[in-house]
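Q: Got a structure here, written out as structure tokens. Questions coming.
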Amino acid sequence: QYREFLDKLGYDIGMSTDKLVDSFTYMLTNVAGSKAQTQLERGFSSLTKLSTILGHTQQQQDASLKAFTKMLTDPKATAAQLKGTPTDNIPHIMTLAAEALAGGDMNKLIEKLGNKEVVPDRDFPLIYEQIEKTIQPYMDEYYGSLRFSQNETQRLRDKWMAEFLDSGGNEAVKGIYDTLNYIIGDGTGGAATAGRYVQAAGHTVNAVLLI
């Protein structure tokens, strides 16, 4: 259902879809069936772009994902958690939420969350706008960086392999392994002959891949 959305997001930021699945599944599982589900796609997209373009560590990404999801589904619990969190440990997304909804005042945001004054459909678009403002100055730098090139190479490699396997490659590779298992298990030898044939076949495959 969400594959097309994740593919497009991956294309936009140069990220393999497979690398997005676990985080998206976490958010989907937590918001499914609630009013907050209307914010799922835009929320995940904004959060992922923020973490990717600014180069957040995996720990920072996980913290922002969990904090954002909790704010969507249980604002009172988020308020209680923020009260006991040292300023330096507050996830970046919560700082941006405070800027968008409380003029940068974290205590005011905590109060609004605790009183359930934050309404997803009305207020979260303001957070997304704040995210866009935050990442805008860094976008050209990211898309011209080695990090983007590496991410994009991995995305294209994964996409190519998925298309290859879906178009018959999976069956072909399985057949090769089945045949190798038969030859090895049979114990009748012929390894040298098989090696020469596989070498010749390899040259043919290389030629096909370059077409």
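The values are calculated or read from the model by the stated rules, or taken from the named source; none is laboratory data. Note that the coordinates shown come from a computational prediction; the quantities given were computed from them, not determined experimentally. Because the Cβ atoms are built from the backbone with ideal geometry, glycine has one as well, and the counts that use them run over all protein chains shown. Note: accessible area is taken over every heavy atom of the protein model, side chains too, but ligands, DNA and RNA are not part of it. Shrake-Rupley method; radii C 1.70, N 1.55, O 1.52, S 1.80 Å.
Q: Give segment 49-64 a look and list any residue that's open to solvent by 20 Å² or more (accessible area, probe 1.4 Å) and in a helix (DSSP H, G or I), or say none.
A: Across segment 49-64, the qualifying residues are 49, 58, 59, 60, 61, 62, 63.
Q: Can I ask one more? Determine which member of the set 10, 33, 104, 43 is under 20 Å from residue 128 (Cβ atoms), not in a helix (DSSP H, G or I) and not basic (Lys, Arg).
A: Numbers: 10 fails: not in a helix (DSSP H, G or I); 33 fails: under 20 Å from residue 128 (Cβ atoms); 43 fails: not in a helix (DSSP H, G or I).
The unique qualifying residue is 104.
Q: Let me ask something additional. Being aliphatic (A, V, I, L, M), modelled with pLDDT under 80 and open to solvent by 100 Å² or more (accessible area, probe 1.4 Å) narrows it down to one of 180, 210, so name that one.
A: Result: 210 is the single residue among 180, 210 that is aliphatic (A, V, I, L, M), modelled with pLDDT under 80 and open to solvent by 100 Å² or more (accessible area, probe 1.4 Å).
Q: Oh, and also: Confirm whether residue 15 is under 16 Å from the mean Cα position of the chain (by Cα) and in contact (Cβ under 8 Å) with a residue 40 or more places away in the chain.
A: Considered against the rule, which asks whether it is under 16 Å from the mean Cα position of the chain (by Cα) and in contact (Cβ under 8 Å) with a residue 40 or more places away in the chain, residue 15 comes out as yes.
Q: Looking at the structure I just gave you, is residue 193 in a helix (DSSP H, G or I), modelled with pLDDT under 95 and open to solvent by 40 Å² or more (accessible area, probe 1.4 Å)?
A: Here the answer is yes, as residue 193 does meet what is asked.
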